[in-house]
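Asker: One structure is given below, represented as structure tokens, and several questions about it will come after.
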């Protein structure tokens with residue numbers, strides 16, 4: 001019979017060593033009923049858990065690693081009441097339980113705030129792997145067009161829930177009445193209210209007095225409120241160094257106040273005017289709602305018929321979407337996609353590469369019920385995930401690279417290309433082939449002053465922050481008749497601007513059929529081999545780096561052939577086999593690759609240098 005004191009002790013041990021588990025109580029109940037009622041002593045189980053966890057950071061997720069530290073000659077010393085067979089069997093069963101529990105959900109412990117009907121429907125959709133499809137269709141039913149933009153935001157809002165990715169913060173630009181606010185409001189409907197804070201055009205100062213921040217996750221949507229205070233706050237919130245512990249100080253009414261948010265923070269900004277801050281701009285993923293005449297006409301016709309006016313805050317389908325969001329985010333995962341090695345990063349900035357990877361991992365996370373998961377709890381991404389992420393990225397690669405919206409980039413399509421010096425000297429009047437600010441403004445339906453600021457850039461007089469213009473980024477240049485400072489400015493695109501305009505035209509023609517292509521596997525010219533796969537896997541999942549020579553050494557000792565892999569299934573099976581045999585840890589531990597692991601103690605570090 002188990003005493004209360006023993007049960008409390010048992011729970012304390014489980015909570016200490018199963019820190020990554022989101023379902024500890026269910027695990028405790030499982031262990032108690034399956035072991036303790038079968039004539040196992042609770043102290044025996046506790047002893048085994050303690051011994052195994054002392055040897056390994058992540059408790060016995062691999063069978064061979066679990067048994068390894070318990071040698072036959074010290075069984076009696078460690079477990080005086082257990083036979084060798086009992087230790088072996090108990091260790092095996094604990095591992096099986098942990099494996100079964102990895103990535104699963106105890107539905108009795110979730111969705112307390114929802115009706116039984118909503119809960120049952122959400123669980124069914126989630127279990128059938130239909131969560132991404134439901135969320136996408138729900139959002140599309142509440143917003144006209146912008147399917148790609150919905151997909152991007154829907155995917156990126158899950159980046160805070162991946163333990164080996166950073167958060168993608170979103171910048172939704174566009175002119176007035178472009179639908180950017182409607183787009184973000186629509187996507188926010190699937191985020192449970194307990195995680196959501198919306199800052200509208202009112203003063204953002206109330207954020208400093210808000211006392212109900214969620215301890216796990218917070219989504220802050222800022223709508224057209226871009227004063228210096230909110231910009232500084234957003235810079236703090238989007239700083240990768242502040243994840244999980246945002247602390248921002250300011251002065252309100254001559255008093256120092258501090259805003260502290262302990263949970264992870266994701267920011268979504270909308271604005272009609274340019275965001276005049278290079279540092280903040282560089283941390284945001286830029287997208288733009290469809291501003292075409294065709295889309296505008298479609299929206300007006302739908303509004304005329306009363307589109308989007310019927311839903312209430314407690315609409316059943318919205319509640320189902322929020323319940324699905326909660327089910328998707330019960331567990332945090334690490335994600336690995338073997339096809340990321342084929343991403344061409346030549347024209348991408350370092351932050352762009354990170355953002356691409358974050359989106360890629362989030363897409364796998366969103367599809368978690370239809371993706372393979374290893375015994376270590378690692379979700380393995382597919383070629384389909386990589387392909388869709390690449391197609392969506394291509395649509396906004398230039399918005400991201402140049403921090404320009406659709407209308408700014410469209411200027412490049414309107415302009416003639418800058419003549420070379422020889423042509424200009426022979427025909428000076430060719431200057432007048434360029435377009436003036438007024439002509440450009442008329443074509444894209446904005447004011448001439450706006451066009452001028454887009455071309456020359458802007459500076460925030462209060463903060464001295466900058467927004468680079470098209471000319472500063474060498475996409476356009478200006479010529480004047482007689483080089484007079486007072487003469488009319490004629491705008492031309494540079495060769496760089498022409499190349500960008502032509503690339504955008506190609507992307508527009510090809511992206512649609514790419515995104516709608518089948519998910520059938522299409523091989524690359526060079527598929528991953530096992531060595532490269534494991535090399536990349538170790539970096540992505542452990543944050544440590546091995547060498548191909550060490551991988552070769554370990555592979556040879558286990559008689560593993562370095563063959564080329566043909567498809568997603570072969571890749572997952574290979575990772576699972578190598579992980580189960582403990583080979584990943586064997587490679588990592590050859591030279592203790594992580595310097596931080598070797599010198600985690602300051603005294604040890606100092607002594608090693610001295």
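Asker: Would you be able to tell me the number of residues in region 541-564 that are in a loop (DSSP other than H, G, I, E, B), surrounded by 13 or more Cβ atoms within 10 Å (Cβ to Cβ) and modelled with pLDDT under 85?
Answerer: 3
Asker: With the requirement that a residue be within 20 Å of residue 273 (Cβ to Cβ) and at pLDDT 85 or above, what does region 395-419 give you?
Answerer: Hits for region 395-419 are 407, 408, 409, 410, 411.
Asker: Those residues that are part of a helix (DSSP H, G or I) and either in contact with a helix residue (DSSP H, G or I) (Cβ under 6 Å, 6 or more places away or on another chain) or not assigned by TED's automatic domain parsing to the domain that holds residue 183 (or both), I need them from region 124-134; list them, please.
Answerer: In the first step, residues of region 124-134 are kept if they are part of a helix (DSSP H, G or I); the result is 124-127, 131-134.
Within region 124-134, 125, 126, 131, 132, 134 meet the criteria.
Asker: May I pose another question? Quick one: would you say residue 86 is surrounded by 13 or more Cβ atoms within 10 Å (Cβ to Cβ), out of contact with any helix residue (DSSP H, G or I) (no Cβ under 8 Å at 6 or more places or on another chain), within 30 Å of residue 579 (Cα to Cα) and at pLDDT 55 or above? Give the steps one after another, and end with the answer.
Answerer: Numbers: surrounded by 13 or more Cβ atoms within 10 Å (Cβ to Cβ): yes; out of contact with any helix residue (DSSP H, G or I) (no Cβ under 8 Å at 6 or more places or on another chain): no; within 30 Å of residue 579 (Cα to Cα): yes; at pLDDT 55 or above: yes.
No.
Asker: Quick one: which residue in 267, 246, 251 is in the same structural domain as residue 221 (by TED's automatic domain parsing), modelled with pLDDT under 75 and touching a strand residue (DSSP E or B) at 6+ places or on another chain (Cβ under 8 Å)?
Answerer: Values: 267 fails: modelled with pLDDT under 75; 246 fails: modelled with pLDDT under 75.
From the options 267, 246, 251, the qualifying one is 251.
Asker: Next question, about the same structure. Select, from 176, 237, the only residue that is out of contact with any helix residue (DSSP H, G or I) (no Cβ under 9 Å at 6 or more places or on another chain) and surrounded by 19 or more Cβ atoms within 10 Å (Cβ to Cβ).
Answerer: Testing whether each residue is out of contact with any helix residue (DSSP H, G or I) (no Cβ under 9 Å at 6 or more places or on another chain) and surrounded by 19 or more Cβ atoms within 10 Å (Cβ to Cβ) leaves just 237.
Asker: Which of the residues spanning region 522-540 are touching a strand residue (DSSP E or B) at 6+ places or on another chain (Cβ under 9 Å), under 19 Å from residue 356 (Cβ atoms) and modelled with pLDDT under 85? Working first, answer last.
Answerer: Restricting attention to region 522-540, the residues satisfying the condition of being touching a strand residue (DSSP E or B) at 6+ places or on another chain (Cβ under 9 Å) are 526-530, 536-537, 540.
Within this subset, residues satisfying the condition of being under 19 Å from residue 356 (Cβ atoms) are 528, 536-537, 540.
Within region 522-540, just 528 meets the criteria.
Asker: Examine region 207-214 for a residue that is closer than 20 Å to residue 271 by Cβ, touching a strand residue (DSSP E or B) at 6+ places or on another chain (Cβ under 8 Å) and either modelled with pLDDT of 75 or more or outside any helix (DSSP H, G or I) (or both), and state whether such a residue exists.
Answerer: The answer is yes, given that some residue of region 207-214 is closer than 20 Å to residue 271 by Cβ, touching a strand residue (DSSP E or B) at 6+ places or on another chain (Cβ under 8 Å) and either modelled with pLDDT of 75 or more or outside any helix (DSSP H, G or I) (or both).
Asker: Here is a follow-up. Going by the conditions given, is residue 186 under 21 Å from residue 320 (Cα atoms) and free of Cβ contacts under 8 Å to residues at least 60 places away in the same chain?
Answerer: Values: under 21 Å from residue 320 (Cα atoms): yes; free of Cβ contacts under 8 Å to residues at least 60 places away in the same chain: yes.
Spelling it out, residue 186 is indeed under 21 Å from residue 320 (Cα atoms) and free of Cβ contacts under 8 Å to residues at least 60 places away in the same chain.
Residue-wise test of (1) assigned to a loop (DSSP other than H, G, I, E, B); (2) in contact with a helix residue (DSSP H, G or I) (Cβ under 9 Å, 6 or more places away or on another chain); (3) in the same structural domain as residue 266 (by TED's automatic domain parsing).
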residue	(1), (2), (3)
108	no, yes, no
137	no, no, yes
149	no, yes, yes
171	no, yes, yes
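Asker: Just give me the residues in region 259-280 being assigned to a helix (DSSP H, G or I) and surrounded by fewer than 19 Cβ atoms within 10 Å (Cβ to Cβ), in sequence order. Steps first, answer last, please.
Answerer: Within region 259-280, the first condition is being assigned to a helix (DSSP H, G or I), and the residues that meet it are 278-280.
Hits for region 259-280 are 278, 279.
Asker: For region 479-494, does any single residue satisfy the condition of being at pLDDT below 85, over 19 Å from residue 401 (Cβ atoms) and within 38 Å of the chain's Cα centre (by Cα)?
Answerer: Of all residues in region 479-494, those at pLDDT below 85 come to 480-488.
Then drop every residue that is not over 19 Å from residue 401 (Cβ atoms), which leaves 480-488.
Filter once more, so that each one left must be within 38 Å of the chain's Cα centre (by Cα): none.
Checked region 479-494: no residue is at pLDDT below 85, over 19 Å from residue 401 (Cβ atoms) and within 38 Å of the chain's Cα centre (by Cα).
Asker: Output yes when any residue across region 377-385 is in contact (Cβ under 8 Å) with a residue 60 or more places away in the chain, part of a helix (DSSP H, G or I), within 20 Å of the chain's Cα centre (by Cα) and closer than 30 Å to residue 572 by Cα, and no when none is.
Answerer: Yes.
The values are calculated or read from the model by the stated rules, or taken from the named source; none is laboratory data. Keep in mind that what you see is a predicted model, and the values were worked out from it rather than measured. Glycine gets a Cβ as well: all are built from the backbone with ideal geometry, and neighbour counts include every protein chain shown.
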